[in-house]
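The values are calculated or read from the model by the stated rules, or taken from the named source; none is laboratory data. Keep in mind the model is a prediction, meaning the values are calculated, not measured. Here the Cβ is made from the backbone with ideal geometry for all residues, glycine too, and neighbour counts use every protein chain on show. Accessible surface areas use protein heavy atoms only, side chains included; no ligands, DNA or RNA. Shrake-Rupley method; radii C 1.70, N 1.55, O 1.52, S 1.80 Å.
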Amino acid sequence: MRTRIAIAVAAVLFLLVGGGAVAIALITESPSLHAGEGRSIVEEDDDFGTVEVYTVLDDGSLDPEADGLTAEVWETFVRVATLDFAAEVMAEYRAGDAPDSDTLAYVYQTDDPDYWVLAANLATSSDSQQLIATLIHEYAHIITLDTTQIGEQTSTCETFQLSEGCPEPDSLLVAFEERFWSPYGDAAPDADNDDADAAWDFYLEHEEDFVSDYAATNVVEDIAESFMTFVLEDEPEGDSVAAQKLAFFWNEPDLVAIRERIRTEFGDDLGLAD
């Protein structure tokens, strides 16, 4: 299957870092998965250049062992997703250092869609608040695109087509799409859109509907950006479409529990108070 590059843009951090959104990430093709087998592997990545490849072991640790900022990024992801989740779901971690890239991080499925790869750009990872927000976004992609939510790719999908497969009728993504994207009809970017210009034009037409300009890329990025905002911000007031998107998550007890866990874990890092 063709993999989606899921890129985080922590635009909602303006309340936490004093103004201004971070750069929107670019979309690139992902390299194929290679296991570490106890030795350090270096590969070329289309966006990050040279990357170090680490295998995620059954206990959630890395092989080979990472250090410095490379280890810090992985440890932050584990804190976002939990060690049990990382051990069960993550197959590989890739770390590059590309200061000229706007890409912060991305996730994609391996050939076995039950397992995922995280790739991170160390050049954009030193800001802890931005890093946490980015990894929450990437975590959102995994929990909304995993095999409990997305079925196999078919030519007769009864919901809508994604490169990852066919969203199940009772999935979070279908509920989100039906409520917030279907009303736009053919005017909305399609679910696999990666045209930044089209997304920007759409955002300008519906600015109050989105938590960030990057969220207007497609429904997959919108749900991830909205989830990130749901975790980081207080319960919304008002009835704007953007506020309704956050309320969508407040109606999901499992997601509220995830929010509370992450906010407790990173309360000191982000200055959060519940």
Among the numbered criteria (1) open to solvent by 20 Å² or more (accessible area, probe 1.4 Å); (2) in a strand (DSSP E or B); (3) touching a Leu at 6+ places or on another chain (Cβ under 9 Å), which one does Val117 miss? (1)
Within the stretch 262-274, the count of residues that are open to solvent by 30 Å² or more (accessible area, probe 1.4 Å) and without any contact (Cβ under 8 Å) to a residue 12 or more places away in the chain comes to 3
Residues that are among the β-branched types (Val, Ile, Thr): list the helices (runs of 4 or more DSSP H) wholly contained in the stretch 198-274 that include at least 1 such residues. 219-232, 241-250, 253-265
Test: residue in the stretch 135-147 that is out of contact with any Pro (no Cβ under 9 Å at 6 or more places or on another chain) and assigned to a loop (DSSP other than H, G, I, E, B): no
Restricting attention to the stretch 54-65, does a residue exist that is aromatic (Phe, Trp, Tyr), open to solvent by 10 Å² or more (accessible area, probe 1.4 Å) and part of a helix (DSSP H, G or I)? no
Among the residues of the stretch 122-143, which ones are surrounded by fewer than 20 Cβ atoms within 10 Å (Cβ to Cβ), of a type in the set (S, T, N, Q) and either within 14 Å of Val220 (Cα to Cα) or without any contact (Cβ under 8 Å) to a residue 60 or more places away in the chain (or both)? Ser126
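Can you tell me which residue is most open to solvent (accessible area, probe 1.4 Å) among those in the stretch 66-107 that are outside any helix (DSSP H, G or I) and hydroxyl-bearing (Ser, Thr, Tyr)?
Thr82
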Hey, could you check the stretch 145-191 for residues that are of a type in the set (Ser, Thr, Tyr) and open to solvent by 70 Å² or more (accessible area, probe 1.4 Å) and say which is nearest to Tyr115 (Cα to Cα)? Thr148
Of everything in the stretch 214-242 that's surrounded by fewer than 17 Cβ atoms within 10 Å (Cβ to Cβ) and not charged (D, E, K, R), which residue is farthest from Leu172 (Cα to Cα)? Gly238
Would you be able to tell me the number of residues in the stretch 200-213 that are crowded, with 21+ Cβ neighbours inside 10 Å and of a type in the set (A, V, I, L, M, F, W, C)? 3
Taking the stretch 137-151 and keeping only residues that are under 10 Å from Val107 (Cα atoms) and among the β-branched types (Val, Ile, Thr), one is left with Ile142
